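Novice: Following this message is one structure expressed as structure tokens.
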Amino acid sequence: MPTNKQRRVAAQRRLQKQLERRAELARKRRRNLLVVVTVVAVAVVVGAVALFAGLGGDDDPGSAAATSTSTSTSAAPEATAAPAVTNADGTVTCTYAPDTSGNPNLTDVGTPPDPASTPASGTVALLMSTDQGDIPLTLDRATAPCAAASFAHLASQQFFDGSPCHREVNQPAFGVLQCGDPTGTGSGGPSYKFAEEVTPETTYPRGTIAMANSGQPGSTGSQFFLCFVDTELPPEYTAVGTVDEAGLAVLDTIAAAGNDGSFEPSPGGGAPNLPVTVQTMTVVG
């Protein structure tokens, strides 16, 4: 028969083993939790990169043409698109730098006139006529004078006429219709680019017209996106104007049909299931 002392020693050993097992289980739980948190964090970052890079426009880094030219050692140095400079008379000086990337999907229609004295007040009214209905647009020169001047110039040159809206994203906090590429490839644009006109306070509520870019500073061109929901994006895309209520009704009809997912998983979305072609883009006031 074991003595009382032997029973106490055996009980202490069992308790010690139980404590060691509990400590080991706690360590495993902490390791598993760390792995889960890390995976989720990586997934969020990757998703965000894919989401935002998907608004790349005239020099889309996902296109074969852009990739080959950006890695070529013999390519000409890229010109720099400088931010706008405010003049004494209240106008601004815009820099429209030549796009020397070698992208074959660029269309040369010149550059906006009088870039050294670009109006920085008032609005420009455009009518975006599509095969799904008219979408009236209002450009804000005070918020984005260089983008407004470029948009109006391209419209006056029939740059947008006959072009498809190549991408749509339907997410609760990211609902946009992307247009402005005459080639419909997602990498087309004009033969120039210019700087983004943003502030830390720039946001993209429903009805915003904003300019796409490639994710690099000074890469804004012709592609734009129309927000049909309050869209959560970092302040990296020039908000150039607004869509009126009649235009939003057209966008809602297009959005309700969804997209084909052809851009999933990156940059996201796809061609609209209800195809949209910009028949004409006209400056009306």
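Novice: Given H placed on each backbone N at 1.01 Å, which residues far from Arg167 in sequence or on other chains put an amide H within less than 5 Å of it?
Specialist: For Arg167, whose amide H was placed from the backbone, the distant partners under 5 Å are Gln178.
Novice: Non-local amide H neighbours of Gly218 (under 5 Å, H modeled in plane, Pro and chain starts lacking H): which ones?
Specialist: Glu196
Novice: So what is the relative contact order of segment 75-153, in percent, for Cα pairs below 8 Å that sit 6 or more residues apart? Don't jump to the answer; show the numbers that get you there.
Specialist: Details: 113 pairs, mean separation 20.1, N = 79.
Relative contact order comes out at 25 percent.
Novice: Could you tell me how far the Cα centroid of segment 120-143 sits from the Cα centroid of segment 186-220, in Å?
Specialist: 16 Å
Novice: Using label points projected 7 Å from each Cα along Cα→Cβ, tell me how many nm separate Ser262 and Glu201, to one decimal.
Specialist: According to this spin-label approximation, the distance is 4.1 nm.
Novice: Given a Förster radius of 51 Å and the C-beta distance between Ser117 and Asn273 as r, what FRET efficiency does 1/(1 + (r/R0)^6) yield to the nearest 0.05?
Specialist: 0.70
Novice: Sticking with this one: So what is the accessible area of segment 93-193 per residue, in Å², with the probe set to 1.4 Å?
Specialist: About 34 Å² of surface per residue is accessible.
Novice: Turning to a different aspect of this structure: Amide H of Lys193 versus every other amide H placed in the peptide plane: which residues, excluding those fewer than 5 positions away on the same chain, fall under 5 Å?
Specialist: Ala97, Asp99
Novice: Here's something else I'd like to know. So, in nm, how far is label Val283 from label Ser156 when the simple model puts each one 7 Å beyond its Cα toward the Cβ?
Specialist: With each label point 7 Å from Cα toward Cβ, the separation is 0.3 nm.
Novice: Can I ask one more? For segment 205-218, take each phi angle, set θ = phi - 60°, evaluate the Karplus expression 6.51 cos²θ - 1.76 cosθ + 1.60, and give the result in whole Hz per residue in order, putting x for glycine and proline.
Specialist: Karplus-based 3J(HN,Hα) across segment 205-218 equals x, 3, x, 7, 9, 10, 8, 6, 8, 8, x, 9, x, x Hz.
Novice: Now for a separate question. What order, most packed first, do the peptides 127-134, 146-153 have when packing is the mean number of other Cβ atoms within 10 Å of each residue?
Specialist: 146-153, 127-134
The values are calculated or read from the model by the stated rules, or taken from the named source; none is laboratory data. Because the structure is predicted, anything quoted here is derived from the model rather than measured. Neighbour counts are summed over all protein chains in view; Cβ atoms, including those assigned to glycine, are modelled from backbone coordinates with ideal geometry. Ligands, DNA and RNA are stripped out before the accessible areas are found, and what is left, the full protein with its side chains, is counted by its heavy atoms. Shrake-Rupley method; radii C 1.70, N 1.55, O 1.52, S 1.80 Å.
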